[in-house]
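Asks: Dropping the structure in here first, questions after.
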Amino acid sequence: MTSNRNSRIEIDFQQWSRFFNEFRSESDRGATILASVWIEHLLERKLKALFTAGNSKTRQKLYSLNGPFSSFSSKILAVYSLGWIDSDIYDDINLVRRIRNVFAHKLHGIDLESPKIRKLIDEFKIPSRHYYDWNELQAVATVDGKGVILFTEKLPDDAGETLDIQRLKYQWIVSLLVTEVAASLDLAIRYQES
């Protein structure tokens, strides 16, 4: 992958933390929209760091309506074509975009457990980089109902009710993906002690 140290972008630690806190507390619809907006923001920041020549009015046209970087998909394609992200990240960002589009265009009856969304979530590649048995991940409540047990092989002895963990999986996936995107884009997180 190509690295361009001259176009390093920085994100304030507070802003980085606020994204993850808000992402966890959002509804399914809100979380999918927020995830895509945040990733698009990172891609745009990186592109803006690269395209610095010309006057600011001319540069703004790159991102305005009908500009070459006006849509999320065009930013994804540009960043991939520049070699800043690999094919797995490219595919997974597009899955985030596709999931967002399903939520954005369906008025009612959609959540992360919906069959269409479940199928898209199962297509993510990034989790398998970190967890070889990702696709076998399951969850049950503890017998007393006060805890959750994540497992991938045989059902634990102290297993209670089986749980649907689509929301947890999506949050986990997006967290991994945002971190991978940040690393690929040479993002620096600026931390200042108060």
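The values are calculated or read from the model by the stated rules, or taken from the named source; none is laboratory data. Here the structure is a predicted model, which means the values were calculated and not measured. Neighbour counts run over all protein chains shown; Cβ positions are idealised from the backbone, glycine included.
Asks: Across segment 48-59, which residue is surrounded by the most Cβ atoms within 10 Å (Cβ to Cβ) among those that are of a type in the set (Gly, Ala, Ser) and outside any loop (DSSP other than H, G, I, E, B)?
Replies: Ala49
Asks: Continuing with the same structure: Could we say that Ser128 is over 12 Å from the mean Cα position of the chain (by Cα), surrounded by fewer than 13 Cβ atoms within 10 Å (Cβ to Cβ) and closer than 25 Å to Arg8 by Cβ here?
Replies: No: the conditions fail for Ser128.
Asks: Just to check your reading of the model, which residue among Val148, Val174, Val143 is crowded, with 16+ Cβ neighbours inside 10 Å and β-branched (Val, Ile, Thr)?
Replies: Val174
Asks: Output the residues belonging to segment 87-105 that are surrounded by fewer than 14 Cβ atoms within 10 Å (Cβ to Cβ) and touching a Phe, Trp or Tyr at 6+ places or on another chain (Cβ under 9 Å).
Replies: Ser87
Asks: Tally time: how many residues in segment 24-47 are among the aromatic types (Phe, Trp, Tyr) and either assigned to a loop (DSSP other than H, G, I, E, B) or out of contact with any helix residue (DSSP H, G or I) (no Cβ under 6 Å at 6 or more places or on another chain) (or both)?
Replies: Count: 0.
Asks: Related question: Looking only at segment 180-194, how many residues end up being at pLDDT below 90, touching a helix residue (DSSP H, G or I) at 6+ places or on another chain (Cβ under 6 Å) and in a loop (DSSP other than H, G, I, E, B)?
Replies: Within segment 180-194, residues that are at pLDDT below 90, touching a helix residue (DSSP H, G or I) at 6+ places or on another chain (Cβ under 6 Å) and in a loop (DSSP other than H, G, I, E, B) number 1.
Asks: Follow-up. Suppose we keep only residues that are among the hydroxyl-bearing types (Ser, Thr, Tyr) and not in a helix (DSSP H, G or I) within segment 60-85. Which one would you say is surrounded by the most Cβ atoms within 10 Å (Cβ to Cβ)?
Replies: Ranking the qualifying residues of segment 60-85, first place goes to Tyr63.
Asks: What single numbered condition from (1) among the small types (Gly, Ala, Ser); (2) modelled with pLDDT of 90 or more; (3) touching a Leu at 6+ places or on another chain (Cβ under 9 Å); (4) within 23 Å of Leu34 (Cα to Cα) fails to hold for Ser70?
Replies: Unmet for Ser70, out of (1) among the small types (Gly, Ala, Ser); (2) modelled with pLDDT of 90 or more; (3) touching a Leu at 6+ places or on another chain (Cβ under 9 Å); (4) within 23 Å of Leu34 (Cα to Cα): (2).
Asks: Quick check on this structure: which one of Glu40, Glu44, Glu26 is acidic (Asp, Glu) and surrounded by fewer than 17 Cβ atoms within 10 Å (Cβ to Cβ)?
Replies: Answer to the check: Glu26.
Asks: So, one more: Considering only segment 48-58, how many residues are touching a helix residue (DSSP H, G or I) at 6+ places or on another chain (Cβ under 9 Å) and not charged (D, E, K, R)?
Replies: Number satisfying all stated conditions: 5.
Asks: For segment 86-179, list the helices (runs of 4 or more DSSP H) that sit wholly inside it and hold at least 2 residues that are in contact (Cβ under 8 Å) with a residue 40 or more places away in the chain and β-branched (Val, Ile, Thr); which are they? So that I can check it myself, show each step before the final result.
Replies: Details: elements: 87-105, 115-121, 126-130.
Filter on segment 86-179 gives 87-105, 115-121.
Asks: Same structure, new question: Has segment 110-125 got any residue that is farther than 20 Å from Glu22 by Cα, of a type in the set (Ser, Thr, Tyr), modelled with pLDDT of 90 or more and over 15 Å from the mean Cα position of the chain (by Cα)?
Replies: So far as segment 110-125 goes, yes, one or more of its residues are farther than 20 Å from Glu22 by Cα, of a type in the set (Ser, Thr, Tyr), modelled with pLDDT of 90 or more and over 15 Å from the mean Cα position of the chain (by Cα).
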